[in-house]
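Before any comments, here is the structure.
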Amino acid sequence: MILQRRNRILRQSSAIRSLVAETILTPNDFIVPLFIVEGENVTDPIASMPGYYRYSLDNTVKEVKHLWLLGLKCVLLFVKCNNELKNHYGTEALNADGLMQRSIKAIKNAVPDMLIMTDVALDPFNSDGHDGVVENGEIVNDITVDILAKMSVSHAQAGANFVAPSDMMDGRIAAIRKALEENNFTKTGIMAYSAKYASCFYGPFRDALDSAPGFGDKKTYQMDYCNRTEAVKEAMMDADEGADIIMVKPALSYLDIIREVKNAVDLPVSAYNISGEYAMIKAAAKMGWIDENKAILETLTSIKRSGADMIATYFAKDVVKLISQ
Ligand code: PBG
């Protein structure tokens, strides 16, 4: 055959392939989610997330030092609130001496340059297990937004670099930005979970934090996975309201959404490679059905290739080890 172009020329060796590779993972791409519990010297395995743990604050600080040495520079904090502290308004979320606020301070103190992002939503603190306040069986938007704004200020006060509202209430980005401004937190960023879908893949996370909805589901606030245009609308509104980073979540069943949102907004886009996505790879690897390391690299590369500038993932430590080899 006489061909004008042979595409296989650029695939013939590992050196050529790496020369023309369009997507390269680096440690700078990753955000490490951490689950923090009360107590001392606790390293509590999460059954549905093999290899991932809930740590008490002392062990969290050790872990954060270790992450920094691996080149991971950003953590996303979640706390597990003790049952007796939960109520309808999630008031523990605003406690200046609450586990989240203490954790932010302790991590900042131990590793000052580590970027700290904090989850802003009521579900771990709310006795109804919803991201917002429940009244008469409904999740009430405006009362919730008011609490989320106060919660954000409380995290900023403790030293958070970014607050990350994951609740999907309407108007919360504008309210949080206004509250931060009014309290003179002019350096605190907002990573908005703008396109967060009602997903079955959050299951293991809800085990980790004991935060499953007490009744019903989250479909009146999280997005319907049938929709794409709506994600662009949400992202553009959050950008207008003052978000610094726009997030799409989950990641793997939503790669089209990541690309669409990346094309629509002129802001960094993050994607959350969530708990169920982690669990699926772990389970298949355990069965010997896929190669875990290869699956980690391929899926994280696909998320970056789809348009994510950064990825929150439970595989962060694994992947930095893999890419440094
Ligand atoms: C809740 C929240 C959830 C996750 C992050 N923040 C779960 C939910 O919406 O029920 C999921 C993360 C994961 O599954 O890894 N505000």
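Coordinate-derived values only; no laboratory data. Everything numeric in this text was worked out from a predicted model, so none of it was measured. All Cβ positions, glycine included, derive from the backbone under ideal geometry; neighbour counts span all protein chains shown.
Data overview
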| read-out | value |
| --- | --- |
| Within the stretch 23-323, percent of DSSP bridges classed antiparallel, to nearest 5 | 15 percent |
| Helical mean residue ellipticity (222 nm; -39500 (n - 2.57) per DSSP H run of 4+; nearest 500) of the chain | -12000 deg cm²/dmol |
| Prolate/oblate/rounded label for the stretch 23-323 (Cα gyration tensor, a/c 1.5) | rounded |
| Nearest-ten-degree value, helix 292-306 long axis tilted from longest Cα axis of the chain | 80 degrees |
| Burial ranking of peptide ranges 116-123, 193-200, 300-307 (average Cβ count within 10 Å, highest at the top) | 116-123, 193-200, 300-307 |
| Nearest-ten-degree value, helix 57-69 long axis tilted from longest Cα axis of the chain | 30 degrees |
| With at most 16 neighbouring Cβ atoms within 10 Å, loop GluC sites (Glu not before Pro) (DSSP) excluded, longest segment of the chain | 41-325 |
| Qualifying chymotrypsin sites (Phe, Trp or Tyr not before Pro) in the stretch 254-309, DSSP loop, other Cβ atoms within 10 Å at most 14 | 289 |
| Top positive-direction residue, dipole computed over the stretch 23-323 with Cβ charges, set 301, 115, 229 | 301 |
| Eligible lysines near residue 233 by straight Cα distance, threshold 25 Å, same-chain separation 8 or greater | 178, 196, 218, 219, 249, 262, 304 |
| Counted charge near residue 173, where neighbours are those whose Cβ lies closer than 12 Å (Asp, Glu -1; Lys, Arg +1) | -4 |
| Most positive-pole-ward Cα, 77, 246, 283, against dipole of the chain from beta carbon charges | 283 |
| Ranked packing of 279-285, 312-318, most packed first, by mean Cβ within 10 Å | 312-318, 279-285 |
